[in-house]
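Shown next, in structure tokens, is the structure this report addresses.
The values are calculated or read from the model by the stated rules, or taken from the named source; none is laboratory data. Just so it is clear, the model here is predicted, and its values are computed rather than measured. Glycine gets a Cβ as well: all are built from the backbone with ideal geometry, and neighbour counts include every protein chain shown.
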Amino acid sequence: MADTVEKVPTVVESSSSSVEAPVIADKTEPTTTEKKKWGDVEDDDEEEAVSELNSLTIKEEEKSDSVLEEPEDSNIKAVVSGDTPYTSASRFEDLNLSPELMKGLYVEMKFEKPSKIQAISLPMIMTPPHKHLIAQAHNGSGKTTCFVLGMLSRVDPKLAEPQALCICPTRELANQNMDVLQRMGKFTGITAELAVPESTRGGPSAPRRGPVTAHVVIGTPGTLKRWMSFKRLGLNHLKILVFDEADHMLATDGFRDDSLKIMKDIGRVNPNFQVLLFSATFNETVKDFVARTVKDPNQLFVKREDLALDSVKQFKVLCPKEENKIEVIKDQIMELGDIGQTIIFVRTRVSAGKVHKALAEMGYDVTSVHGNMSEVDRDKIVKEFKDCLTQVLIATDVIARGFDQQRVNLVVNYNLPTKYETGEPDYEVYLHRVGRAGRFGRKGAVFNLLLDDGGDKEVMDKIEKYFGANVKEIKSWNSEEEYKSALKEAGLLDE
Ligand code: ADP
Ligand code: MG
């Protein structure tokens, strides 16, 4: 039974009638902020108080009895703009997709039914007048499918011109989204091209001259901007623009300037294009900015306290000294055997090197990834991990967002995520790191390794308060028993 998404008054008030104007309603603050960063991905904006949304709740769908459950309590609030009635799609059949796309979903992706965010957002994306959409939903809840299906269903395969564009903060995410699009669209004849810094990806995405004729382009902002200015990427037929990790793409210390420029350039030739903004996090600053930037969007939001994934248990360990952190990883984490894959997050590439070296010297097989590596190496390390050839990946925040590997069930924060300038917690990054485990409702655990003498305890406290999260303490840092019972509690070890 499909739920009807009721209409409520538009939240974003826009006085002008929106027909002819480009999407950019406001050209405030395209400041060129110096990008300060710990590792290689820029930090996010400061958070402010949550304001109440004039919103409605979509009724919880009945839980299916399939093995996988999407994140529980995905209490998504919808604010619908205009008077188009939307009916949420409890089955893919409700979406009027082509047989080729249905085959992609069932045969290639092996999906059974839409997740909640898919059920709610897909009708909004696909129903004329194709309003803009700002969509927040939990980590691992299937947002990629929302915008990939959105792009695939709106493209005309007979027209050899770029019609859909997806912008991502990192090459890893662009690669990953490309893989999903190519699999989902396998039977459609829709073509796609990757726009990331060149030199590495061979095969069909290898760099070539001349204008792009692929239907869909997925890439990172710098390369896309370059392609646009060299007229390699024609904008005349673009009808849908997607921002993955949209809050980061529109944060001042993220890619705001690039994103605005791309939106403006498209809007100039193509005023009626649709913008889709997806992320698990939208802090108030970014939310405000987006509201001023994208006109009359449909909106889906999740309350901050509801964002933590219940299926991922969080723990903290006070370590007396820095070396103890390595011991914890070595004695407690590396010795676990085959429970799944692990990502160890560090703050800088220097710490990545240090942790990598220490573990390698003890004979452990680990790899690491950060932004200061060559593209070839970066792609190789990530591919090996995705192919499960490696079990433990040490990473800076370059893969904190979006990285989807279902076998990752353990995340270790060797350093807590903090802002470069202020040392304040980086709440959004914390949430995204946690979300690398527990994909699509799977079980997972996070170990936060804190230094006893530093400001770590305070940072952890703030993070816990901010998300209302329950982060349990491992009382003695070197007690094997305690780690074991933590893992049992997380459902990763048998009783
Ligand atoms: P996020 O919301 O964090 O972007 P992803 O789109 O990366 O999440 O999806 C997380 C995982 O869930 C992926 O491995 C994806 O294949 C899987 N997934 C997405 N939608 C479905 C579905 N309807 N049924 C089963 N698995 C799904
Ligand atoms: Mg994602």
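Pick from 470, 478, 448: which is of a type outside the set (Lys, Arg) and farther than 21 Å from residue 310 by Cβ?
Criteria check complete, one pass: 478.
How many of the residues in the range 291-305 are in contact with an Asp or Glu (Cβ under 8 Å, 6 or more places away or on another chain) and either crowded, with 19+ Cβ neighbours inside 10 Å or not assigned by TED's automatic domain parsing to the domain that holds residue 248 (or both)?
1
For a quick check of your reading: which strands (runs of 3 or more DSSP E) sit entirely within the range 251-359 and have at least 3 residues that are at pLDDT 95 or above and closer than 20 Å to residue 395 by Cβ? Give the derivation first.
Working: elements: 274-279, 298-302, 312-319, 341-345.
Here the list reads 312-319, 341-345.
How many of the residues making up the range 262-286 are more than 16 Å from ligand 2 (Cβ to nearest atom), closer than 13 Å to residue 427 by Cβ and of a type outside the set (Val, Ile, Thr)?
2
Among residues belonging to the range 158-176 that are touching a strand residue (DSSP E or B) at 6+ places or on another chain (Cβ under 6 Å) and small (Gly, Ala, Ser), point out the one that is nearest to ligand 1 (Cβ to nearest atom).
So the residue we want is 174.
Please go through the range 387-412 and give me each residue that is within 16 Å of ligand 2 (Cβ to nearest atom) and not in a strand (DSSP E or B), ordered by number.
397, 398, 399, 400, 401, 402, 403, 404, 405, 406
Given (1) within 16 Å of ligand 2 (Cβ to nearest atom); (2) surrounded by fewer than 17 Cβ atoms within 10 Å (Cβ to Cβ), where does residue 439 come up short, assuming only one miss?
It fails just one condition, (2).
Is there any pair linking a residue in the range 474-488 that is without any contact (Cβ under 8 Å) to a residue 12 or more places away in the chain to one that is assigned to a helix (DSSP H, G or I), with Cβ under 7 Å and at least six apart or on different chains, and which?
475/482; 476/482
What number of residues in the range 183-205 are modelled with pLDDT under 95 and either assigned to a loop (DSSP other than H, G, I, E, B) or in contact with a helix residue (DSSP H, G or I) (Cβ under 6 Å, 6 or more places away or on another chain) (or both)?
So the count comes out to 6.
Conditions tested, residue by residue: (1) of a type outside the set (Lys, Arg); (2) within 19 Å of residue 328 (Cβ to Cβ).
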| position | (1), (2) |
| --- | --- |
| 416 | yes, yes |
| 421 | yes, no |
| 434 | yes, yes |
| 450 | yes, yes |
| 472 | no, yes |
| 487 | yes, yes |
| 494 | yes, no |
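Do you know which residues across the range 360-377 are under 20 Å from residue 417 (Cβ atoms) and outside any loop (DSSP other than H, G, I, E, B)?
Those that are under 20 Å from residue 417 (Cβ atoms) and outside any loop (DSSP other than H, G, I, E, B): 368, 369.
For the range 217-226, check the following and say yes or no: at least one residue is within 16 Å of ligand 1 (Cβ to nearest atom) and in contact with a helix residue (DSSP H, G or I) (Cβ under 8 Å, 6 or more places away or on another chain).
yes
Quick one: residue 214 ticks every box in (1) more than 20 Å from the chain's Cα centre (by Cα); (2) assigned to a helix (DSSP H, G or I); (3) modelled with pLDDT of 95 or more except a single one, so which number is it?
(2)
Exactly one condition in (1) within 16 Å of ligand 1 (Cβ to nearest atom); (2) touching a residue at least 40 places away in the same chain (Cβ under 8 Å); (3) crowded, with 16+ Cβ neighbours inside 10 Å; (4) under 26 Å from residue 330 (Cβ atoms) is false for residue 430; which is it?
Unmet condition: (2).
Got at least one residue in the range 169-182 being of a type outside the set (Asp, Glu), part of a loop (DSSP other than H, G, I, E, B) and in contact (Cβ under 8 Å) with a residue 24 or more places away in the chain?
Yes; the residues of the range 169-182 include at least one that is of a type outside the set (Asp, Glu), part of a loop (DSSP other than H, G, I, E, B) and in contact (Cβ under 8 Å) with a residue 24 or more places away in the chain.
Are any residues in the range 225-243 more than 16 Å from residue 275 (Cα to Cα) and touching a strand residue (DSSP E or B) at 6+ places or on another chain (Cβ under 8 Å), and if so, which ones?
Selection gives 227, 233.
Can you tell me how many residues within the range 130-146 are of a type outside the set (Gly, Ala, Ser) and within 11 Å of ligand 2 (Cβ to nearest atom)?
6
Can you name every residue in the range 389-408 that is surrounded by 24 or more Cβ atoms within 10 Å (Cβ to Cβ) and away from ligand 1 (no atom under 13 Å from the Cβ)?
393, 394, 395, 396, 397, 398 - these are the residues of the range 389-408 that are surrounded by 24 or more Cβ atoms within 10 Å (Cβ to Cβ) and away from ligand 1 (no atom under 13 Å from the Cβ).
Each row is one residue, and each column tells you yes or no for (1) within 26 Å of residue 214 (Cβ to Cβ); (2) outside any helix (DSSP H, G or I); (3) in contact with a Gly (Cβ under 9 Å, 6 or more places away or on another chain); (4) away from ligand 2 (no atom under 16 Å from the Cβ).
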{"site": "81", "(1), (2), (3), (4)": "no, yes, no, yes"}
{"site": "113", "(1), (2), (3), (4)": "no, yes, no, yes"}
{"site": "119", "(1), (2), (3), (4)": "no, no, no, yes"}
{"site": "128", "(1), (2), (3), (4)": "yes, yes, no, yes"}
{"site": "148", "(1), (2), (3), (4)": "yes, no, yes, no"}
{"site": "151", "(1), (2), (3), (4)": "yes, no, yes, no"}
{"site": "157", "(1), (2), (3), (4)": "yes, yes, yes, yes"}
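If the requirement is being within 21 Å of residue 170 (Cα to Cα), touching a strand residue (DSSP E or B) at 6+ places or on another chain (Cβ under 7 Å) and outside the structural domain of residue 284 (by TED's automatic domain parsing), which of these qualifies: 429, 382?
Values: 429 fails: touching a strand residue (DSSP E or B) at 6+ places or on another chain (Cβ under 7 Å).
Unique residue meeting the criteria: 382.
Could you give me the residue pairs with C-beta distances under 8 Å whose first residue belongs to the range 95-111 and is charged (D, E, K, R), whose second residue is part of a helix (DSSP H, G or I) and within 16 Å of ligand 2 (Cβ to nearest atom) wherever it lies, and which are 6+ apart or on separate chains?
Note: pairs meeting the criteria are 108/183; 108/184.
I'd like the full set of residues that are in a strand (DSSP E or B) and basic (Lys, Arg), limited to the range 461-479.
472
If you take the residues of the range 109-133 that are surrounded by fewer than 23 Cβ atoms within 10 Å (Cβ to Cβ) and of a type in the set (A, V, I, L, M), which of them is farthest from the chain's Cα centre (by Cα)?
The residue in question is 126.
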